[in-house]
1. Return the residues of region 51-95 that are modelled with pLDDT under 85, more than 28 Å from residue 22 (Cα to Cα) and loosely packed, with under 15 Cβ neighbours inside 10 Å; say none if nothing qualifies.
2. Being β-branched (Val, Ile, Thr) and at pLDDT 85 or above is the filter; apply it to region 10-42 and report the residue that is farthest from residue 87 (Cα to Cα).
3. Considering only residues that are among the small types (Gly, Ala, Ser) and surrounded by 12 or more Cβ atoms within 10 Å (Cβ to Cβ), which ones fall in region 1-21?
Amino acid sequence: MSIAFYALWNSTCFLLSRLWLSKADTIAVAYVIPAKSPAMGVPLSNVMFSGLSPITASKIQIPLVIFPGLQIAAGSILTLVFRTWIGEGEAAELKDAENETGRRSES
């Protein structure tokens, strides 16, 4: 379930940010938006579910502790994908710049 939520939020944020942001900014959004932290989630769950036994509260907090590890693993894999995506864009920009320089020298 955590993996599905991560994929859902990450892909939604990626697609929406691609509408108006550059590639580099889109990648930053893809890493920042779905981020969750045990430092915020654990105290929040204690407040929301006050009065539960410690065992039940711990069971509720397990996904909050596992999720950052999933984010790190997915982020490591996405680094390879994003590096290729950025590399293709930089290669196209370099080719355009070379073509522009060639046209100027011919004039």
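1. Passing the criteria: 65, 66.
2. By that ranking, first place goes to 12.
3. 2, 7, 11, 17
The values are calculated or read from the model by the stated rules, or taken from the named source; none is laboratory data. Note that the structure is predicted; figures quoted are calculated from it, not measured. With ideal geometry, Cβ positions are generated from the backbone for all residues, glycine too; neighbour counts draw on all protein chains shown.
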